[in-house]
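Below: the structure, in structure tokens.
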Amino acid sequence: MAVDALDTRILRLLLEQPRTSVREYARMLGIARGTLQARLDRLERDGVITGTGPTLSPAALGHPVLAFVHVEVTQGHLDEVGDALAAVPEIIEAFSITGGGDLLTRVAARDNAHLEDLIQQLIQLPGVVRTRTEVALRERVPHRLLPLVASVGAAADRRERR
């Protein structure tokens, strides 16, 4: 699905001012409310917009230790291990990857001892061969999408001018 210049303007507003009403977004964009709603519905249906909930801080929830745990899996057990990882609440994300390991997880822990307990729990899962852990010291670039949306919007503007 191609995202056009108006789509990127909508996405920018959603990211910059997430608590604004659809009516106000439409007014700010100078488009009809129905047009905006149709665009939002399409962006959701096409998987561009994947959620509208708040962004939460694991640290503020009592889990300030952030680690990335690489998990090496016995061949043929990737789905099984992935399902088991989904049952561990402290695993915030997990991805199948290439390179060193088969899965990369993002883990939030209360402290280093809790992190060690979580790693021990992971290594005991059937199909897990070994893990490698990297503890995050400081966030240098927070999760962000606005620069990407701006870049996509600039490319859409260039395409539309041709």
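The values are calculated or read from the model by the stated rules, or taken from the named source; none is laboratory data. Being a predicted model, the structure only gives us computed values, none of them experimental. Please note: Cβ atoms are built from the backbone with ideal geometry, for glycine as well, and neighbour counts cover all protein chains shown. For accessibility, only protein heavy atoms count, side chains too; no ligands or nucleic acids. Shrake-Rupley method; radii C 1.70, N 1.55, O 1.52, S 1.80 Å.
Being open to solvent by 70 Å² or more (accessible area, probe 1.4 Å) and assigned to a helix (DSSP H, G or I) is true for just one of Arg106, Arg9, Arg42, Arg19. Which residue is that?
Going through Arg106, Arg9, Arg42, Arg19 in turn, just one is open to solvent by 70 Å² or more (accessible area, probe 1.4 Å) and assigned to a helix (DSSP H, G or I): Arg9.
Test Gly101 against the criterion of being without any contact (Cβ under 8 Å) to a residue 40 or more places away in the chain, farther than 30 Å from Thr8 by Cβ and open to solvent by less than 30 Å² (accessible area, probe 1.4 Å), and give yes or no. So Gly101 fits the description; yes. On the basis of being of a type outside the set (Ser, Thr, Tyr) and either open to solvent by less than 80 Å² (accessible area, probe 1.4 Å) or touching a Gly at 6+ places or on another chain (Cβ under 8 Å) (or both), does Val88 make the cut? Here the answer is yes, as Val88 does meet what is asked.
With the structure loaded, tell me whether His77 is open to solvent by less than 50 Å² (accessible area, probe 1.4 Å), in contact (Cβ under 8 Å) with a residue 40 or more places away in the chain and under 30 Å from Gln121 (Cα atoms) or whether it fails that test.
Numbers: open to solvent by less than 50 Å² (accessible area, probe 1.4 Å): no; in contact (Cβ under 8 Å) with a residue 40 or more places away in the chain: yes; under 30 Å from Gln121 (Cα atoms): yes.
Criteria not met by His77.
Is it fair to say Ile49 is open to solvent by less than 60 Å² (accessible area, probe 1.4 Å) and either assigned to a helix (DSSP H, G or I) or in contact (Cβ under 8 Å) with a residue 40 or more places away in the chain (or both)? So Ile49 does not fit the description; no. Of the residues making up the stretch 100-120, those that are farther than 11 Å from Glu90 by Cα and touching an Asp or Glu at 6+ places or on another chain (Cβ under 9 Å) are Gly100, Gly101, Asp102, Leu103, Leu104. Residues of the stretch 52-96 that are in contact with a strand residue (DSSP E or B) (Cβ under 9 Å, 6 or more places away or on another chain), outside any strand (DSSP E or B) and among the hydroxyl-bearing types (Ser, Thr, Tyr): Thr74 alone.
Yes/no matrix, rows are residues, columns are (1) open to solvent by less than 100 Å² (accessible area, probe 1.4 Å); (2) touching a helix residue (DSSP H, G or I) at 6+ places or on another chain (Cβ under 9 Å):
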{"site": "Glu116", "(1), (2)": "no, no"}
{"site": "Ile123", "(1), (2)": "yes, no"}
{"site": "Gly127", "(1), (2)": "yes, yes"}
{"site": "Glu134", "(1), (2)": "yes, no"}
{"site": "Arg140", "(1), (2)": "no, no"}
{"site": "Pro147", "(1), (2)": "yes, no"}
{"site": "Val152", "(1), (2)": "yes, yes"}
{"site": "Arg158", "(1), (2)": "no, no"}
{"site": "Arg162", "(1), (2)": "no, no"}
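Within the stretch 28-39, take every residue that is under 22 Å from Ala154 (Cα atoms) and without any contact (Cβ under 8 Å) to a residue 12 or more places away in the chain and give me the one that is surrounded by the fewest Cβ atoms within 10 Å (Cβ to Cβ). So, considering only residues that are under 22 Å from Ala154 (Cα atoms) and without any contact (Cβ under 8 Å) to a residue 12 or more places away in the chain, the one surrounded by the fewest Cβ atoms within 10 Å (Cβ to Cβ) is Gly30. Test Asp83 against the criterion of being loosely packed, with under 14 Cβ neighbours inside 10 Å and closer than 30 Å to Val129 by Cα, and give yes or no. So Asp83 passes the test.
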